[in-house]
Amino acid sequence: MTTVIKNGTIVTADLTYKADVLIDGGKIIEIGQNLSGDEKLDATGCYVMPGGIDPHTHLEMPFMGTYSADDFESGTRAALSGGTTMVVDFALPAPGQGLHDALQMWDNKSGRASCDYSFHMAVTWWGEQVFNEMESVVRDRGINTFKHFMAYKGALMVNDDEMYASFARLASLGAIAMVHAENGDVVAELSAKLLAEGNTGPEAHAYSRPPQVEGEAANRAIMIADMTGVPLYIVHVSCEEAHEAIRRARMQGKRVWGEPLIQHLTLDESAYFNQDWDHAARRVMSPPFRNKMHQDSLWAGLQSGSLSVVATDHCAFTTAQKRYGVGDFTKIPNGTGGLEDRMPMLWTHGVRTGRLTMNEFVAVTSTNIAKILNCYPRKGAVLVGADADLVVWDPEKSKTIMAKSQQSAIDYNVFEGKEVTGLPRFTLTRGHVAVHDGEMRTREGHGQFVKRAPNTPTNTALSKWKELTAPRPVERTGIPATGV
Ligand code: DUC
Ligand code: ZN
Ligand code: ZN
Ligand code: ZN
């Protein structure tokens, strides 16, 4: 059975034009005028865009004594509802657990996904087993991104020697290093001090993780990456200090990408101060929300291209789970949701305000991500041969975000009450219409794992240090080398 999307305007990361899209077998088979198919979707007045890719989710993740509340079933349903057709989740080994063991757990959970997905591998400890398994994770499992937590001391955090060793190994495999950039030692010190002074409430969470903590770690990760020649992806960039480090690195030719979250772009630190406990605790995440100066910096980064993608770090906990931290803010499970709201919120606050063009919107929600993670143009493109992961976007459709009508399993929404304009009319996952004019038609288990090959190692010349220690050229064309 073929499906045709008629009368829409195709918007990709670089083009805007009117054409119909014909789909068969989950793929785009033709783009052109006056196409017909068995099933017709009317896109009059709408934009036909690559489905969103959220490169940063934590579905059913064991964390801080509990599990994040959205699993691959509710999480991917929320994603599709908001126009996102692929999520990339983090497979997290427990300390001492092998990488393939952890991946087996994530394989089991992800069988319920209703949209396509991939995994990043987290490096939560270091040893010979991790070093050895990395190769088959990259080559056989098709996972080319490895995340390192520079925070969560005593749990997920890795130290600089471990990070250096891991980055060097990843460089040799053509993989990408990712970091959660916060100085975990300083966070632990500040947290203990705040608690000792009697600051137990959720606002102390924000005081324990000031922007300097993030800026320092971002700079450190960039320098360690440069010493190994590994490309670096910095998740949840929330402040000017980290953004500034990324800008500088990119200007120096380093392969460094920054990922702000829709939450940091649109919510600020007033979420924590003079609020009731539940309100503030529901918004506790790391890094915390910042002030307007930092938000302006993140928007500027998206506009100028120094920041590359917009994610959610979707890691949702119920109010009951958040209350584990009553009396001690360090026990509030860290995380907020956003999967369903990322695209409408970015459209509303980015495109409708004139900060981003429609093409830039597609770039930062989908195409740039697919390119960095190496699944383009299967994903992130409207091209013949690409997967029919598409969103038919109605720029005039509005709603008020409300927990009671969301797909997520939690009992609140950090964007509660916000008006959004720009919503999916249809969302297609490999040709299956999962959202049909407001009606959810998701199929549990429809989602498939997306393998991502390693990159060709373009990055080895980035490091000045490498150049200085590289063997000197001897003879090329019969002319003796002059030695520089
Ligand atoms: N930050 C969060 O807020 N939650 C999950 C992990 C993280 O780094
Ligand atoms: Zn993180
Ligand atoms: Zn995260
Ligand atoms: Zn299907």
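Here, each number is a calculation from the coordinates, and none is a lab measurement. Quantities reported herein were computed from a predicted structural model and do not represent experimental measurements. Neighbour counts are summed over all protein chains in view; Cβ atoms, including those assigned to glycine, are modelled from backbone coordinates with ideal geometry.
If the condition is being among the polar types (S, T, N, Q), out of contact with any Asp or Glu (no Cβ under 7 Å at 6 or more places or on another chain) and within 16 Å of ligand 4 (Cβ to nearest atom), then the range 45-102 contributes only Thr76. Annotation note: Cβ proximity below 8 Å between a residue of the range 369-386 that is more than 20 Å from Thr312 (Cβ to Cβ) and a residue that is among the charged types (D, E, K, R) and not in a loop (DSSP other than H, G, I, E, B) (sequence gap 6+ or interchain) occurs for Arg378/Asp387; Val384/Glu30; Gly385/Lys27; Ala386/Lys27. Filtering Ser308, Ser297 for residues that are closer than 23 Å to Val351 by Cβ, away from ligand 4 (no atom under 16 Å from the Cβ) and outside any helix (DSSP H, G or I) leaves a single hit, Ser308. Counting only residues that are assigned to a strand (DSSP E or B) and either more than 30 Å from Ala177 (Cα to Cα) or within 16 Å of ligand 2 (Cβ to nearest atom) (or both), the range 392-431 holds 19 of them.
Quick check on the range 29-37. Is at least one of its residues surrounded by 22 or more Cβ atoms within 10 Å (Cβ to Cβ) and free of Cβ contacts under 8 Å to residues at least 60 places away in the same chain? Within the range 29-37, none of the residues are surrounded by 22 or more Cβ atoms within 10 Å (Cβ to Cβ) and free of Cβ contacts under 8 Å to residues at least 60 places away in the same chain. Filtering the range 64-95 to residues that are in a loop (DSSP other than H, G, I, E, B), touching a helix residue (DSSP H, G or I) at 6+ places or on another chain (Cβ under 9 Å) and under 23 Å from Arg141 (Cα atoms) leaves Asp71, Leu92, Pro93, Ala94.
Restricted to the range 226-282, the set of helices (runs of 4 or more DSSP H) holding at least 2 residues that are more than 16 Å from ligand 1 (Cβ to nearest atom) and over 24 Å from Ile53 (Cβ atoms) comprises 240-251, 277-282.
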